[in-house]
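A short write-up of the structure that comes next.
The values are calculated or read from the model by the stated rules, or taken from the named source; none is laboratory data. Worth saying up front: this structure is predicted, and the values here are computed from it rather than measured. With ideal geometry, Cβ positions are generated from the backbone for all residues, glycine too; neighbour counts draw on all protein chains shown. We work out accessible area using only protein heavy atoms, side chains counted, and drop any ligands, DNA or RNA first. Shrake-Rupley method; radii C 1.70, N 1.55, O 1.52, S 1.80 Å.
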Amino acid sequence: MATLSVAVVGSGPAGLYTAEALVKQAAALDPPCQVAVDVLDRLPTPYGLVRYGVAPDHPSIKSIAEYLRGVLERDDVRFLGGVRLGGEVTREDLLGCYDAVVYATGAMRDRRMGIEGEDLPGSYAATDFVNWYCGHPDTESGSFSLDAESVAVVGVGNVAVDVARILIRDPEELRHTDVPQPVLETLMASKVREVHVIGRRGSAQAKFTTKELRELGELAGVDIVVGAGEAAPEAFDATGGSAGLAGSDRRVRGNLAVIGGWAARVPAGHPRRLVLRFWLRPVRVEGTGHVTGLTVERTRIDENGTLAGTGELETIPAQMVLRSVGYQSVPLPEVPFDERSHTVPNAEGRVLGPDGAPLPREYVAGWLKRGPTGVIGTNKSDAAQTVRALLADLCPDGVRAGGPATAGALEALLAGRAVAPVSYTDWLKVERAEAELAAALGRGARVKLPSREDIDARCRGES
């Protein structure tokens, strides 16, 4: 029986759930279809957002990596790290080496606010900060100094909550996490004493989950303050729709209960302060050579249900601004891309060409397919849909009907370009090094290697 050979571009949750679905669904066909899956990633490390997007103080979510590890340890799945689409390989290369290609590279670029001063020193995308504290190989460990005493975080989703929590919590509590040692040392020396979390709409429209929200109230040595008059969902909504959300959405009810409780609190005079602000729209980042504040405008929902500015301005003193107003996917070289939705145009995972017709043997999964929606686990059902389409096209009735794949085609191509991919065995050397580093530092189960050079050195080493 001929084997269906598939390349999955991206080793985050979407990519690895796709690899798992390929193996399981192909085996369940009658007759079964044999598949071999190569999971490619531009980084030398797998797991994508699970490794480089989940806050270090959330080990329960990071444990998803243990599940994904099981996918990479299957005999019919290979990890090929350090192989970049548009760099070491092209789209044409992959279509020439495999029967099918699935693009699953996620959405890790922050949306911009589009306001004056956004590019001032001290103004950053939240993703840059997340990459820093998660030890992403693209980010230098010295990228942030945390000399600011006051920080404004724009956005009210879970990423904004993560960023605020890492900034304001006692860094001693992060000692037993996997945060890189240079990052921990910077957090230990942080001057941040106040963090403002700012939403354009009200508490009822905030995107964070109640569990994430409650964690903020459990931080030792931190006062939680809510902007005066901003906790009530109906405060700036002429339609009454915000209050109505509480009646129909359990998450909203939970959030409002937590926020209302905080609003009723009397600050205890703790050394650090977290301020939740609602109904405020960023207008301008203040400063000349560096950020000094964020000017915001009061908003309200008018009688027509439209969010509008009221003209009432306020400047929040801050020496750092972090924007967390949504993610976007970035185009892949030569792959169709919709600049309006920032996704690859598709029908149930089949990539669509300019004429709207499916392109042979090309598929997409995850945030690149549907936009940055859902939680990590949402990618599992999303991947399953894409794989059903792929197998219906290329393995009808259990008979392989794929492309021109030949065994070893990619290896030969990469060898001719003097490219040596990082294997799963190489990656395990990094895991061992991180465990050894943690033991040497007396810091929990693992500590991430602090740079791309350290990772590469361990991958290519003998140990």
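Summary table below
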read-out	value
Which listed residue, of 36, 55, 21, 27, is free of Cβ contacts under 8 Å to residues at least 60 places away in the same chain and touching a Ser or Thr at 6+ places or on another chain (Cβ under 9 Å)	36
Residue that is surrounded by the fewest Cβ atoms within 10 Å (Cβ to Cβ) [pool: residues in the range 185-205 that are outside any loop (DSSP other than H, G, I, E, B) and touching a residue at least 60 places away in the same chain (Cβ under 8 Å)]	194
Pick from the range 234-258, criterion more than 16 Å from residue 300 (Cα to Cα) and either touching a strand residue (DSSP E or B) at 6+ places or on another chain (Cβ under 6 Å) or among the charged types (D, E, K, R) (or both), ranking: modelled with the lowest pLDDT	249
Unmet requirement for residue 74, which otherwise passes all of (1) part of a loop (DSSP other than H, G, I, E, B); (2) surrounded by 21 or more Cβ atoms within 10 Å (Cβ to Cβ)	(2)
Members of the range 124-163 that are more than 16 Å from the chain's Cα centre (by Cα) and open to solvent by less than 20 Å² (accessible area, probe 1.4 Å)	144, 146, 148, 150, 151, 152, 153, 154
Among the candidates 109, 91, residue that is open to solvent by 40 Å² or more (accessible area, probe 1.4 Å), at pLDDT below 90 and within 19 Å of residue 368 (Cβ to Cβ)	109
Any hit, the range 341-350, residues being touching a Leu at 6+ places or on another chain (Cβ under 7 Å), closer than 29 Å to residue 2 by Cβ and in a strand (DSSP E or B)	yes
Residue selected from the range 351-367 under the condition closer than 17 Å to residue 329 by Cβ, modelled with pLDDT of 95 or more and not in a loop (DSSP other than H, G, I, E, B), by the criterion most open to solvent (accessible area, probe 1.4 Å)	352
Whichever residue in the range 368-390 is among the hydrophobic types (A, V, I, L, M, F, W, C) and within 18 Å of residue 207 (Cβ to Cβ) and, among such residues, is surrounded by the fewest Cβ atoms within 10 Å (Cβ to Cβ)	375
Conditions (1) at pLDDT 95 or above; (2) under 20 Å from residue 373 (Cα atoms): number failed by residue 41	(2)
Selected residue (criterion: farthest from residue 72 (Cα to Cα)) from residues of the range 15-52 that are small (Gly, Ala, Ser) and surrounded by 23 or more Cβ atoms within 10 Å (Cβ to Cβ)	26
Any chance residue 80 is within 16 Å of residue 17 (Cβ to Cβ) and not in a loop (DSSP other than H, G, I, E, B)	no
Subset tally (residues that are open to solvent by 20 Å² or more (accessible area, probe 1.4 Å), part of a loop (DSSP other than H, G, I, E, B) and within 29 Å of residue 113 (Cα to Cα)) for the range 236-282	5
Filtered residues of the range 311-332 (kept if over 21 Å from the mean Cα position of the chain (by Cα), part of a loop (DSSP other than H, G, I, E, B) and not aliphatic (A, V, I, L, M))	319
Unique residue being closer than 24 Å to residue 92 by Cβ and assigned to a loop (DSSP other than H, G, I, E, B) when the list is 389, 420	420
Members of the range 1-46 found to be within 22 Å of the chain's Cα centre (by Cα) and part of a loop (DSSP other than H, G, I, E, B), listed by number	10, 11, 12, 42, 43, 44, 45, 46
When residues of the range 454-463 are limited to those that are under 16 Å from residue 420 (Cα atoms) and out of contact with any Ser or Thr (no Cβ under 8 Å at 6 or more places or on another chain), the one most open to solvent (accessible area, probe 1.4 Å)	462
Residue in the range 295-305 that is β-branched (Val, Ile, Thr), exposed (fewer than 14 other Cβ atoms within 10 Å of the Cβ) and within 28 Å of residue 146 (Cα to Cα) present	no
